[in-house]
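The values are calculated or read from the model by the stated rules, or taken from the named source; none is laboratory data. Every value quoted in this text rests on a predicted model; they were computed, and no experiment measured them. Backbone-built Cβ (ideal geometry, glycine too); neighbour counts: all protein chains shown. We work out accessible area using only protein heavy atoms, side chains counted, and drop any ligands, DNA or RNA first. Shrake-Rupley method; radii C 1.70, N 1.55, O 1.52, S 1.80 Å.
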Amino acid sequence: VAKKSTRAILGKVGLDMARAERMKLLNNPAGSRRAIMLRYHGIQTVIDVGANMGQYGNELREWDFKGRIISFEPTSTAFRVLSERATADAYWSVFNFAVGAENGVAEINVASNWGASSSLMPMLESHRQCDQEVQYVATEQVAIRTLDSALTGIVAPDEALLHKLDVQGFEHFVLRGATAILPQVRVIECELSFVPLYDGQLLFPQMLALLGTLGFQPVSFSPGFSHPVSGHCLQFDGVFARMQETESPKIS
């Protein structure tokens, strides 16, 4: 009887765990795909540029990523929350500066939505019309480092990287300062826009071409920012993988 009872309990626990995993997948299919890609591409370290308050890093841990996370967030309020969130995680490092094409100092526009739409670039009217509650409310002077200089001595030459960018139109500047580290990057995840939301940003076709010249091709798209009246997708999340790694694997 005791053995039967134990088996019944273990069976129920297994069923509950499977049900929880299914619910997690249904609630966050993009997170599920990312978790699979992290394993498939052998990612050891995630470079999280534009970390805000650590939502992305926290999601990585929720999907059981055990590798290192290196997060960069320039705005002071968001960085405080990010730092507190990462403090108990020995494999999560955080840095309080922006990442760009060259080392220096710049003024960042701090957005009202807890800094999520903060940018080194001017926000366009097209963005404000779609979400009137989001606006710039302050500016801060921040340091800027290239990713190459920021990761010197931190990332080993043979580490397999995922490079995530959430930088509100500043993507091509970040990539321009990452030429030395890019050969180690197996996957890039970034926001892409169909319409201009920030002054000077590259739009989807231009980013597709740029990433193609760097040796990456798209493997996943997820809808993001949409127009509240038309429902048109204005911005979405794209995942790109190194071309030699994108051949469809055999499913056994």
Discussion item. Using amide H atoms built in the peptide plane, which far-off residues or other-chain residues are under 5 Å from GLN235 H to H?
Written reply: PHE194, GLY224, PHE225
Worksheet, complete the sentence: With label points set 7 Å from each Cα along the Cα-to-Cβ direction at GLN129 and GLU102, the distance between them in nm comes to 3.5 nm
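Obtain the radius of gyration and the Kirkwood radius of region 56-164 from its C-alpha atoms and give Rg over Rh. Don't skip to the answer; put the middle values down first.
Details: Rg = 15.5 Å, Rh = 15.5 Å.
So for region 56-164, dividing Rg by the Kirkwood Rh gives 1.00.
Can you tell me, using C-alpha contacts under 8 Å and at least 6 residues apart, the relative contact order of the chain as a whole percent?
Working: 447 pairs, mean separation 39.8, N = 252.
It rounds to 16 percent for the chain.
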Practice prompt. Could you please report the charge total around ALA51, scoring K, R as +1 and D, E as -1 over all other residues with beta-carbon less than 9 angstrom from its beta-carbon?
Written response: -2
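Find out how many positive minus negative residues lie around ALA30, taking Lys and Arg as positive, Asp and Glu as negative, among other residues whose Cβ is under 11 Å from that of ALA30. Working shown, then result.
Values: positive: ARG33, ARG34; negative: GLU59, GLU189, ASP237.
Once positives and negatives cancel, what remains is -1.
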Worksheet item: If you take the square roots of the eigenvalues of the alpha-carbon gyration tensor of region 79-229 and sort them as a ≥ b ≥ c, do you get rounded (a/c under 1.5), prolate (a/b over b/c) or oblate?
Response: oblate
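Less than 14 Å Cβ to Cβ from ARG68, Lys/Arg counted +1 and Asp/Glu -1: what total charge do the surrounding residues give? It would help to have the intermediate numbers written out before the result.
Details: positive: ARG61, LYS66, LYS164; negative: ASP48, ASP89, ASP158, GLU159.
Taking every other residue near ARG68 into account, the sum is -1.
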Worksheet entry | the chain, helix-only ellipticity at 222 nm - DSSP H runs n ≥ 4, -39,500 (n - 2.57), divided by all residues, nearest 500 | -10000 deg cm²/dmol
Discussion item. How large a share of the accessible area of the chain, in percent, is made up of carbon and sulfur atoms when the probe is 1.4 Å and the other protein chains stay in place?
Written reply: 57 percent
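Keeping every protein chain in place, order HIS227, HIS232, HIS172 by accessible area at 1.4 Å, biggest value first, i.e. largest first.
Details: HIS227 60, HIS232 120, HIS172 20 Å².
Largest accessible area first, the residues go HIS232, HIS227, HIS172.
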Discussion item. Relative to 2.2 N^0.38 Å, what does the C-alpha radius of gyration of region 163-252 come to as a ratio? Two decimals please.
Written reply: 1.15
Item to complete: Calculate the spin-label point distance for ARG80 paired with SER32, positioning each point 7 Å from the Cα along the beta-carbon direction, and give it in nanometres.
Response: 3.8 nm
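Among the DSSP beta bridges whose two residues both lie in region 125-252, what percent are antiparallel, rounded to the nearest 5? Walk me through the intermediate numbers first.
Working: 15 of 20 bridges.
Once the DSSP bridges in region 125-252 are tallied, antiparallel ones form about 75 percent.
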Discussion item. Only helices at least 24 Å long along their own axis, judged from Cα atoms, and with Kyte-Doolittle mean hydropathy of -1.0 or greater: name those in the chain from DSSP H.
Written reply: 2-27
Fill in: Radius of gyration, Dmax [the chain; alpha carbons; angstrom]
19.8, 71
Worksheet item: Under a point-charge model restricted to the Cβ atoms of Lys and Arg (+1) and Asp and Glu (-1), what is the dipole moment magnitude of region 33-122 relative to its Cα centre, in debye to the nearest 20?
Response: 340 debye
